[in-house]
Number of protein chains: 2
Amino acid sequence: MNKLYVVGIGPGEYEQMTIKAINALKESEVIIGYTVYVDLIKDHFGDKEFLTTPMKKEVDRCMLAFEEAQKGKNVSLVCSGDSGIYGMAGLILEIGQKYECVEVEIIPGITAASSGAAVLGAPLIHDFAVISLSDLLTPMEKIEKRLQCAAEADFGICLYNPSSKKRFDYLQKACDIVLKFASEDTVCGVVRNIGREGEAIEVMSLKELRDKEVDMFTTVYIGNSQTKNINGKMVTPRGYKNV
Amino acid sequence: MNKLYVVGIGPGEYEQMTIKAINALKESEVIIGYTVYVDLIKDHFGDKEFLTTPMKKEVDRCMLAFEEAQKGKNVSLVCSGDSGIYGMAGLILEIGQKYECVEVEIIPGITAASSGAAVLGAPLIHDFAVISLSDLLTPMEKIEKRLQCAAEADFGICLYNPSSKKRFDYLQKACDIVLKFASEDTVCGVVRNIGREGEAIEVMSLKELRDKEVDMFTTVYIGNSQTKNINGKMVTPRGYKNV
């Protein structure tokens, strides 16, 4: 049976891929993905056929992957981070109902929440919520409700897609919601270009984060009430009891 | 400067480690960890010195790692999953304030939320919350508040440490809280022994999950209101808008 691997490639650098992900790509004749992600790994898999589709063409990309697999090829569909967190694993399983002769295997990768946390320090050591600020496929009220509940519950919060040209003030709006429940001194952090050239971190207060300009290559962390700044690193303790 | 790597080794199988994690272990003279995790990787790094400490001795384990590094050795402290998610990265950075001559590097791994999701299908494609049901270091009221807020916000929910001998009814209590906000037909799933011998999944309703017996090697997933059971796989769509 032909194989379709849905592969999370992690933040970008080859070394942050798992052996399992590398093996799947090696076993594939065709590697498919959004242009930017394919470019990140292309040099390491030179002998493969690469097919790319632009952003927002996710359904087309999944169909293409199944069509190629149906031709009798092993295919990898690559996603940045983890294929199962805001990745293509879900769409592939939905669309896969029409392609019963293709065997799908989901291969997880290091998601930005994890890879960014490691650069920032240890912001996600305790319970946390992951929220995307993109309202392309989600109503804004739903996103706002989640921000509110996450802040009310004192979760550590990791924000994906914190900004874009059209959504330049979304991080500010998100911080304003969290500020209703959390102190303006809450320790926060941002990581830019995780695992890629120009990787940079900044640790700051929630008040400062509110006025911070970020881009779409940034992952944002809002600490819980216990999170500390230790020598410029963002660190959340593992519990609320003194031990 | 001596290096102390805090390494997430992923769910257990060697192939789910990243190249970066493997390189850190190769560069280390000493590998330290909780006995069970050290046993998972021992065979692949036969020439190393292995030091183990029992469960609940996390502070001792971190001190031991720094003491060994101070002797002039490169040291890896291994954690299952991701070292930054309920892992040792936080404690190491806290304790590290006393050991300025040791350079710490956090190396992320695939956390159970990701590795389990890949086996179950794609439960975490959209916004989600990760909650540990262990009340060893966290007051139960805090955990209950988080469950309530996560359910109210319609997050996908991933539960770590869902049960133990002493806490045999915690999953039932957690489900009862979620059931105040979510339908009893909400699609849920459990994964046992992720990436290890005896790996098994089960997809069920929230009502069924409430009466499910699980052990400490199980990761539990509660879907959001849109999550579906597709051919026995748990799949969450990427958004709330029809596309």
### Message
Looking at A:191, A:214, can you tell me which residue is of a type in the set (Val, Ile, Thr) and within 21 Å of residue B:130 (Cβ to Cβ)?
### Response
A:191
#### Entry: Lone qualifier among B:194, B:125, B:131 - being open to solvent by 10 Å² or more (accessible area, probe 1.4 Å) and under 24 Å from residue A:108 (Cβ atoms)
B:194
### Summary
Quick count over region A:97-110, residues being at pLDDT 95 or above and not acidic (Asp, Glu), is 7
### Message
I'd like the full set of residues that are assigned to a loop (DSSP other than H, G, I, E, B), open to solvent by less than 40 Å² (accessible area, probe 1.4 Å) and more than 12 Å from every other protein chain (Cβ to nearest Cβ), limited to region B:15-29.
### Response
B:28
### Task
State all residues of region B:109-135 that are part of a loop (DSSP other than H, G, I, E, B) and either facing another protein chain (nearest Cβ under 7 Å) or in contact with a strand residue (DSSP E or B) (Cβ under 9 Å, 6 or more places away or on another chain) (or both); if no residue qualifies, say none.
B:109, B:110, B:111, B:123, B:124, B:125, B:126, B:127, B:133, B:134
### Message
Quick check on region A:211-243: of everything there that is open to solvent by 90 Å² or more (accessible area, probe 1.4 Å) and more than 9 Å from chain B (Cβ to nearest Cβ), which residue is nearest to residue A:176 (Cα to Cα)?
### Response
A:211
### Task
Run residue A:56 past the list (1) open to solvent by 40 Å² or more (accessible area, probe 1.4 Å); (2) within 14 Å of chain B (Cβ to nearest Cβ); (3) in contact with a helix residue (DSSP H, G or I) (Cβ under 7 Å, 6 or more places away or on another chain) and report the number of the one that doesn't hold.
(3)
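Residue by residue, here is whether (1) among the aliphatic types (A, V, I, L, M); (2) open to solvent by less than 20 Å² (accessible area, probe 1.4 Å); (3) on the phi > 0 side of the Ramachandran plot holds:
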| residue | (1), (2), (3) |
| --- | --- |
| A:46 | no, no, no |
| A:52 | no, no, no |
| A:67 | no, no, no |
| A:70 | no, no, no |
| A:76 | no, yes, no |
| A:81 | no, yes, yes |
| A:93 | yes, no, no |
| A:98 | no, no, no |
#### Entry: Pick from region B:154-177, criterion open to solvent by less than 10 Å² (accessible area, probe 1.4 Å) and within 13 Å of chain A (Cβ to nearest Cβ), ranking: farthest from residue B:234 (Cα to Cα)
B:174
### Task
Restrict the check to region A:31-54 and report whether at least one residue is at pLDDT 95 or above and part of a helix (DSSP H, G or I).
no
### Query
In region B:80-107, which residues are under 17 Å from residue A:238 (Cα atoms), among the aliphatic types (A, V, I, L, M) and more than 7 Å from chain A (Cβ to nearest Cβ)?
B:88, B:92, B:95
### Query
For residue B:4, all conditions in the list (1) assigned to a helix (DSSP H, G or I); (2) within 14 Å of another protein chain (Cβ to nearest Cβ); (3) open to solvent by less than 10 Å² (accessible area, probe 1.4 Å) hold save one; what is the number of the exception?
(1)
### Task
For residue B:121, work out the one condition from (1) of a type outside the set (A, V, I, L, M); (2) more than 30 Å from residue A:88 (Cβ to Cβ); (3) over 14 Å from the mean Cα position of the chain (by Cα) it doesn't fulfil.
(2)
## Note on the structure
Filtering region B:112-121 down to residues that are within 15 Å of residue A:110 (Cα to Cα) and not polar (S, T, N, Q) yields B:112, B:113, B:116, B:117, B:118
### Task
Among the residues of region A:139-148, write down those that are touching an Asp or Glu at 6+ places or on another chain (Cβ under 8 Å), at the interface with another protein chain (Cβ under 7 Å from one of its Cβ atoms) and surrounded by fewer than 24 Cβ atoms within 10 Å (Cβ to Cβ).
A:142, A:145
### Message
Every residue in region A:38-51 that is over 21 Å from residue B:10 (Cβ atoms) and either within 14 Å of chain B (Cβ to nearest Cβ) or not aliphatic (A, V, I, L, M) (or both), please.
### Response
A:39, A:42, A:43, A:45, A:46, A:47, A:48, A:49, A:50
### Query
What is the number of the single condition among (1) facing chain B (nearest Cβ under 7 Å); (2) out of contact with any Ser or Thr (no Cβ under 8 Å at 6 or more places or on another chain); (3) crowded, with 24+ Cβ neighbours inside 10 Å that residue A:151 does not meet?
(1)
### Query
Of the residues A:90, A:72, A:12, which single one is over 30 Å from residue B:224 (Cβ atoms) and not in a strand (DSSP E or B)?
A:72
### Task
Please state which one of B:137, B:147 is over 19 Å from residue B:115 (Cβ atoms), in contact with a helix residue (DSSP H, G or I) (Cβ under 9 Å, 6 or more places away or on another chain) and aliphatic (A, V, I, L, M).
B:147
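The values are calculated or read from the model by the stated rules, or taken from the named source; none is laboratory data. It should be emphasised that the depicted structure is a prediction, and the values quoted were computed from it without experimental measurement. Quick reminder, even Gly has a Cβ in these numbers, built from the backbone with ideal geometry, and neighbours come from all protein chains shown. Calculation scope for accessible area: heavy atoms of the full protein, side chains included, ligands and nucleic acids excluded. Shrake-Rupley method; radii C 1.70, N 1.55, O 1.52, S 1.80 Å.
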